[in-house]
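Structure first, commentary second.
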Amino acid sequence: MSVSAPPGLIGKTVGDVLVRQPKTSPVDISVDQARACFADDHVHMLLLTESGRLIGTLLRTDLPADLDGADLALPHSRMSGRTVTADMPAEQARLLLLAREQRRLAVVDHDGAILGLLCLKRRLTGFCSDADVFARASEHSSRLK
């Protein structure tokens, strides 16, 4: 039995469904600063950038507890298996994420420039949009008031 793509992904590419303005971090972020970013439970992947280029990605699991917090986080980052290009079909990217049991991939162009973040929704049938991220941020800031 073949499983069809969710209707909202048919004919779309990663470039059509990515978050175009993801939060990025500088390459000189420390381990403690990276851990502080991960204190927000909506942050799953840090995108370490320099001059608009993706240099590394970090997950919580990349930073074991025994690391010195003052050290740079960059040496613990990686790119392999954590990036896709914008021209990949969206459904292919969704299936790749499911197979890897991941929910995030950085989106880069062929020269390594950061284009955005591919963020699989909790229901695993579609991707977060800039509007979703904005709404969540607005909701979060209103709760803090």
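Residues checked against (1) closer than 23 Å to SER129 by Cβ; (2) surrounded by fewer than 19 Cβ atoms within 10 Å (Cβ to Cβ):
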{"position": "GLY56", "(1), (2)": "no, no"}
{"position": "LEU59", "(1), (2)": "yes, yes"}
{"position": "ALA65", "(1), (2)": "no, yes"}
{"position": "ASP71", "(1), (2)": "no, yes"}
{"position": "GLY81", "(1), (2)": "no, yes"}
{"position": "THR85", "(1), (2)": "yes, yes"}
{"position": "ARG94", "(1), (2)": "yes, no"}
{"position": "HIS110", "(1), (2)": "no, yes"}
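When VAL19 is tested against (1) closer than 16 Å to GLY126 by Cα; (2) surrounded by fewer than 16 Cβ atoms within 10 Å (Cβ to Cβ), only condition (2) is not met.
Against the conditions (1) touching a strand residue (DSSP E or B) at 6+ places or on another chain (Cβ under 6 Å); (2) surrounded by fewer than 17 Cβ atoms within 10 Å (Cβ to Cβ), ILE10 satisfies every one except (1).
Every read-out reported here was derived from the displayed coordinates using simple, explicitly stated rules and does not represent laboratory data. Computed from a predicted structure; not experimentally measured. As a convention, Cβ positions derive from the backbone with ideal geometry for all residues, glycine included, and neighbour counts pool all protein chains shown.
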